[in-house]
Each structure stands twice: as structure tokens, then as C-alpha cells.
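Every number in this text was worked out from the coordinates using simple rules, so none of it is lab data. Since we're looking at a predicted model, the values are computed, not measured. Here the Cβ is made from the backbone with ideal geometry for all residues, glycine too, and neighbour counts use every protein chain on show.
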Amino acid sequence: MNATYLKGDDVTVTADGSVIGGVLGVECGRRNSVEKIEEYLTDVPVAQFPKTVYYVTLRLQAQPYATLGFVPAEVSLICGSCRVSYTDCCVEHVKCEILPHAAVEYTVTLTAGERSVENV
């Protein structure tokens, strides 16, 4: 389920229809967890529900906020004839790393509620 795309693999990343520039690499995958509902005051488990969250991690050369925003409705990865779309997205984590020679690299992790794959 996990996939990694690096610069040179000709991957186009769009957020709400706008192309995001300066992408060095993309990692996408799925995290599974269980949410538990417990009784009030006793913390006795009453029910548990499986939860799946999709994530997309972007490594960028430029500051991503202009085209990405904090709550994009849809993020799409287009690689060859395949388009992977993530909807109900939210920026979960942003990391800025200042490299030697004044180079700056951003790592942005998005989470999404749904994922779909289609052939273009």
C-alpha cells in the first residue's frame, strides 16, 4: 500500500486543481488504528471501531502554503496514466529544514479520509 515517488519519476502533484511546484519526493500510504469508546468515570471499554487514515508526505523546495493551504479539499498525484486522488485532506505536520548553502526543504504531511485510483 505504501508508495514512494522521487524527483525524476514525472509525478505531478495538485491541490484543489493547482499544481504544486518544487516537489522533490512524495510518499503515500495508509495507517490503521482502533478508536475505543469507554464508559464515563470507569474507563471500561464499551466499543471499538477500526479507523483508516491515508497520508501523503511531500518533500518540497519551496514554501508550500501559497498553493497548498491548510485544508485542501483534494490532493491528486498523477504518475503516467494513473491518478491517485485523496479527499477530505488536512495538513497534519509541517517541517522546515535549512540545509547547507542556504537551501531550504519543507516536509508537509497531509492526512486524508478517502483515496481513489483511476486511469487517465
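Could the peptides 55-61, 102-108, 43-49 be put in order, highest first, of the mean number of other beta-carbon atoms found within 10 Å of their residues? Could the numbers behind the result be given before it?
On the way: 55-61: 20.0, 102-108: 14.1, 43-49: 9.1.
Highest mean packing first, the order is 55-61, 102-108, 43-49.
Computed from the C-beta positions of Glu97 and Glu74, the FRET efficiency with R₀ = 25 Å rounds to 0.40. Full extension of the chain between Lys51 and Ser85 gives 10.3 nm of extra length, using 0.36 nm per residue less the Cα-Cα distance.
Dipole magnitude of the range 3-119 about its Cα centre, charges +1 at Lys/Arg Cβ and -1 at Asp/Glu Cβ only, in debye to the nearest 20? Intermediate values should be presented prior to the final figure.
On the way: 9 positive and 15 negative charges, 56 e Å.
Roughly 260 debye for the range 3-119.
Placing unit charges on each Cβ (+1 for Lys and Arg, -1 for Asp and Glu) gives the range 3-119 a dipole about its Cα centre, and among Gly113, Ala62, Tyr40 the Cα reaching farthest toward its positive end belongs to Ala62.
Compactness of the chain is given as radius of gyration and Dmax, 17.0, 57 Å, from Cα positions.
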